[in-house]
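Asker: Once you've had a glance at the structure underneath, I'll fire off some questions.
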Amino acid sequence: MALFRPKFKDAKTGERRSASVWWYKFYFAGQCIRESSKTTSKTLAKQAEQKRRRELEEGFNGIVDRREERIRTIKDLAHAYL
């Protein structure tokens, strides 16, 4: 997991400068994932990286959030009990 700000050559002055937006790079399932976090805050960029990795892991392992199956009403529970 790496956060970085890419460097570029300024067209006006010709010097190398860092971009203001943070990017993240990590490897998942043998592939390099390199994406912009679309934020200038390093803390938010780190959270965006963790969220993206989590999304990839859940999709890769087929984990789906089925809240309607998990949360049931008292009426349904009583009916199943009786």
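The values are calculated or read from the model by the stated rules, or taken from the named source; none is laboratory data. None of these values were measured; they are calculated from a predicted model. Here the Cβ is made from the backbone with ideal geometry for all residues, glycine too, and neighbour counts use every protein chain on show. Please note that ligands, DNA and RNA were not included when accessible areas were found on the heavy atoms of the full protein model with its side chains. Shrake-Rupley method; radii C 1.70, N 1.55, O 1.52, S 1.80 Å.
Asker: Answer yes if at least one residue in the stretch 49-66 is touching a strand residue (DSSP E or B) at 6+ places or on another chain (Cβ under 6 Å), assigned to a helix (DSSP H, G or I) and charged (D, E, K, R), and no otherwise. Reasoning before the result, please.
Answerer: Kept after step one, since they are touching a strand residue (DSSP E or B) at 6+ places or on another chain (Cβ under 6 Å), are these residues of the stretch 49-66: 49, 56.
Okay, now just the ones that are also assigned to a helix (DSSP H, G or I), so 49, 56.
If we keep only those that are charged (D, E, K, R) as well, we get 49.
Scanning the stretch 49-66, I find at least one residue that is touching a strand residue (DSSP E or B) at 6+ places or on another chain (Cβ under 6 Å), assigned to a helix (DSSP H, G or I) and charged (D, E, K, R), so the answer is yes.
Asker: Tell me which residues, restricted to the stretch 30-43, are hydrophobic (A, V, I, L, M, F, W, C) and touching a Leu at 6+ places or on another chain (Cβ under 8 Å). I'd like the intermediate steps shown before the answer.
Answerer: Taking the stretch 30-43 as the starting set, the residues that turn out to be hydrophobic (A, V, I, L, M, F, W, C) are 32-33.
Within the stretch 30-43, just Ile33 meets the criteria.
Asker: Let me ask something else about it. Just to verify a result, which residue in the stretch 1-31, among those that are in a loop (DSSP other than H, G, I, E, B) and of a type in the set (Ser, Thr, Tyr), is least open to solvent (accessible area, probe 1.4 Å)? Walk me through it before giving the result.
Answerer: Start the filter on the stretch 1-31 by keeping residues that are in a loop (DSSP other than H, G, I, E, B), which leaves 1, 5-6, 10-15, 19-22, 29-30.
Filter again for of a type in the set (Ser, Thr, Tyr), leaving 13, 20.
Details: Thr13: 88, Ser20: 71 Å².
Ranking the candidates gives Ser20 first.
Asker: Give the residue that is least open to solvent (accessible area, probe 1.4 Å), with candidates limited to residues of the stretch 32-48 that are in contact with a strand residue (DSSP E or B) (Cβ under 9 Å, 6 or more places away or on another chain) and part of a helix (DSSP H, G or I).
Answerer: Applying the filter and picking the extreme gives Ala45.
Asker: Quick check: is even one residue across the stretch 47-65 modelled with pLDDT of 95 or more and either on the phi > 0 side of the Ramachandran plot or hydrophobic (A, V, I, L, M, F, W, C) (or both)?
Answerer: Yes; the residues of the stretch 47-65 include at least one that is modelled with pLDDT of 95 or more and either on the phi > 0 side of the Ramachandran plot or hydrophobic (A, V, I, L, M, F, W, C) (or both).
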